[in-house]
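The values are calculated or read from the model by the stated rules, or taken from the named source; none is laboratory data. Computed from a predicted structure; not experimentally measured. Here the Cβ positions follow ideal geometry from the backbone for every residue, glycine too, while neighbour counts run over all protein chains shown.
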Amino acid sequence: MDRRRDPAAAAANVMQQIYALNGKHAPDGRATFGNFTVEPGAINTVPGKLIISLDYRHPDSAVLDEVDRDIRSIMESECHALDIEGRVDEIWHMPPVRFSSRCIIAVQNAADQLGYSSQEMISGAGHDAMYLSRITPTGMIFVPCKDGLSHNELEHTEPEDLIAGGNVLLHTIMGLANPKPV
């Protein structure tokens with residue numbers, strides 16, 4: 001075992017360190033390892049090549065830059081320790097999106113006016129609203145999902161929560177369309 005040049009051994013160490021790094025940037029950091037490609041992919045053969053996808057998200061661009069440098073350093077160190085080649089390739093980059101404070105306040109005002117509980121949240125998921133925010137002031141309204149499960153075929157939201165979300169949207173639009181003088 002000590003003579004193997006096994007990229008899976010490096011990957012295990014890299015992943016563990018990235019999860020630890022994510023803890024440093026809690027609660028807003030999101031590290032997701034989503035795809036593993038092993039070549040040759042035989043059950044009894046040390047991999048000659050291993051490709052892992054990592055999606056890392058954080059609402060602060062400076063933190064994303066810091067994490068990028070740290071991940072590259074971790075990769076270099078672990079690969080060097082096992083005498084294997086490794087590299088980090090950025091295949092996609094989406095800078096954090098800041099929604100319109102005017103829209104966020106309008107959503108909060110609508111929820112308050114209707115007597116609904118609410119909280120401001122950061123969404124780590126990619127939504128159409130992040131693209132709309134490039135051309136128009138944008139905000140988002142979330143409704144509770146059973147067991148917090150969303151973006152999944154098992155997602156379930158109670159009808160009364162959907163109605164509440166629709167009412168918040170309606171009152172937000174009315175508030176934005178007819179602002180009260182200050």
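Before we move on, is residue 178 modelled with pLDDT under 95 and more than 24 Å from residue 97 (Cβ to Cβ)? Spelling it out, residue 178 is indeed modelled with pLDDT under 95 and more than 24 Å from residue 97 (Cβ to Cβ). Here's a check for you: in region 73-103, which residue that is within 20 Å of the chain's Cα centre (by Cα) and among the β-branched types (Val, Ile, Thr) is modelled with the lowest pLDDT? Restricting to residues being within 20 Å of the chain's Cα centre (by Cα) and among the β-branched types (Val, Ile, Thr), the top hit is 97.
Evaluate the following for residue 30: is it in contact (Cβ under 8 Å) with a residue 12 or more places away in the chain, among the charged types (D, E, K, R) and surrounded by 14 or more Cβ atoms within 10 Å (Cβ to Cβ)? So residue 30 fits the description; yes.
The residues on offer are 149, 82, and the sole one that is touching a residue at least 60 places away in the same chain (Cβ under 8 Å) and more than 20 Å from residue 175 (Cβ to Cβ) is 82.
Per this entry, residue 161 is counted among residues that are touching a Pro at 6+ places or on another chain (Cβ under 9 Å) and either modelled with pLDDT of 95 or more or in the same structural domain as residue 108 (by TED's automatic domain parsing) (or both).
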